[in-house]
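Undergrad: Mind looking over this structure? Questions follow.
The values are calculated or read from the model by the stated rules, or taken from the named source; none is laboratory data. Treat the numbers as computed from the prediction; the structure is a model and nothing was measured. For neighbour counting, all protein chains shown are included, and Cβ atoms are generated from backbone atoms with ideal geometry for every residue, glycine included. Remember, those area values only see protein heavy atoms, side chains included, never the ligands or the DNA or RNA. Shrake-Rupley method; radii C 1.70, N 1.55, O 1.52, S 1.80 Å.
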Amino acid sequence: FLALGEAGLLVSGFLWTWLRSLPVHYRFDLEALGQAVVVAVAFSVGNLGLYHFSKRLGYPSEVHAFFEQEVLPLLRHIRVLELVLLVLVVGAGEELFFRGVLQEEIGLLGASILFGVLHGPSRPLWPLAIWATLMGVLFGILYQVTENLVVPTLAHAIYDGVAIC
């Protein structure tokens, strides 16, 4: 179901860019892949460090419980091919919709805040929403700096894959 929702974002993004004639800059080459890997590794190290540091502090316990009781059981038995397809669809759908479409329409901060709010869907998960908002800002800046949607898309997919593993 997650992949279907994310595929919906991808289709919505394609339709929106077509209907509004929004320019989406993308190119896949070794430079883009290298940039994405470097960024994904940096984001993943930061994410894992923050997760384990906050786990030691016991805060925010709601976020840890959400991952351990809700997210991990859904992904525990995922096959490698399913994981690859999932993270590619998530990365492509979210980056096209939030960076390629919304960032063009409502700006970096607006798109990033919406991205964050949708990743922390309840009040107890507000730390997750803040983290996702920060990640949205970083992915948005990455898109602006590289002028290539492939870079944040691949970085997002790799980051999510590492986080799931």
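Undergrad: What list of ³J(HN,Hα) values in whole Hz, one per residue of the stretch 32-48 in order, does the Karplus curve 6.51 cos²θ - 1.76 cosθ + 1.60 (θ = phi - 60°) give from phi, with Gly and Pro shown as x?
TA: 4, 4, x, 4, 5, 5, 4, 5, 4, 5, 4, 4, 5, 4, x, 5, 5
Undergrad: Does the stretch 75-164 come out rounded, prolate or oblate by the C-alpha gyration tensor, with a ≥ b ≥ c the root eigenvalues, rounded set by a/c under 1.5 and, if not, prolate when a/b is larger than b/c and oblate if not?
TA: Details: a/c = 2.22, a/b = 1.20, b/c = 1.84.
Oblate.
Undergrad: Let me ask you something else. Helix 126-146: angle to the longest alpha-carbon principal axis of the chain, degrees 0 to 90, nearest 10?
TA: 30
Undergrad: Between residue 1 and residue 130, take the C-beta separation as r, use R0 = 22 Å, and let me know the FRET efficiency to the nearest 0.05.
TA: So the FRET efficiency works out to roughly 0.30.
Undergrad: Taking the Cβ of residue 55 as the centre, find all other residues whose Cβ is under 14 Å away and add up their charges (Lys, Arg: +1; Asp, Glu: -1).
TA: -1
Undergrad: So what are the ³J(HN,Hα) numbers for the stretch 111-117, from phi and the Karplus equation (6.51, -1.76, 1.60; θ = phi - 60°), rounded to whole Hz, Gly and Pro as x?
TA: Each residue of the stretch 111-117 in turn: 5, 5, 5, 4, 4, x, 4 Hz.
Undergrad: What is the calculated FRET efficiency for residue 76 to residue 26, with r their C-beta to C-beta distance and R₀ = 30 Å, to the nearest 0.05? Don't skip to the answer; put the middle values down first.
TA: Details: r = 33 Å, r/R0 = 1.12.
E(calc), rounded to 0.05, equals 0.35.
Undergrad: For n ≥ 4 DSSP H runs only, could you compute -39500 (n - 2.57) per run for the chain, divide by its residues and tell me the 222 nm figure to the nearest 500?
TA: Values: 8 runs with 125 residues, N = 165.
Rounded to the nearest 500, the figure is -25000 deg cm²/dmol.
Undergrad: Please get the size of the charge dipole for the stretch 1-135, origin at its Cα centre, with Cβ charges of +1 on Lys and Arg and -1 on Asp and Glu, quoted in debye to the nearest 20. Don't skip to the answer; put the middle values down first.
TA: On the way: 8 positive and 11 negative charges, 50 e Å.
About 240 debye.
Undergrad: If you average the sequence gap of Cα pairs under 8 Å that are 6 or more apart and divide by the length of the chain, what percent do you get for the contact order? List each step's numbers first, then the result.
TA: Working: 179 pairs, mean separation 61.0, N = 165.
Relative CO of the chain lands at 37 percent.
Undergrad: At 1.4 Å probe size, with every protein chain present, just tell me what the per residue accessible area of the chain comes to in Å². All intermediate terms of the calculation are to be shown ahead of the outcome.
TA: Working: 9630 Å² over 165 residues.
Per-residue accessible area for the chain comes out at 58 Å².
Undergrad: A further question on this structure: Say R0 is 22 Å: what FRET efficiency, to the nearest 0.05, do residue 141 and residue 165 get from their beta-carbon distance? Present the calculation step by step, with values, prior to reporting the outcome.
TA: Details: r = 26 Å, r/R0 = 1.17.
Efficiency, from the Cβ-Cβ distance: 0.30.
Undergrad: Further, regarding this structure: Among [x] 47, 32, 29; [y] 65, 32, 22; [z] 74, 31, 30, which is the computed Cα extents along the principal axes in Å?
TA: [x]
Undergrad: Give me the net charge for the shell around residue 164: Cβ to Cβ below 11 angstrom, other residues only, Lys and Arg +1, Asp and Glu -1. Let's see the in-between values first.
TA: Working: positive: 76; negative: 82, 160.
So the environment of residue 164 carries a net charge of -1.
Undergrad: So how exposed is residue 76, as accessible area in Å² (1.4 Å probe, rounded to 10)?
TA: Here the accessible area works out near 150 Å².
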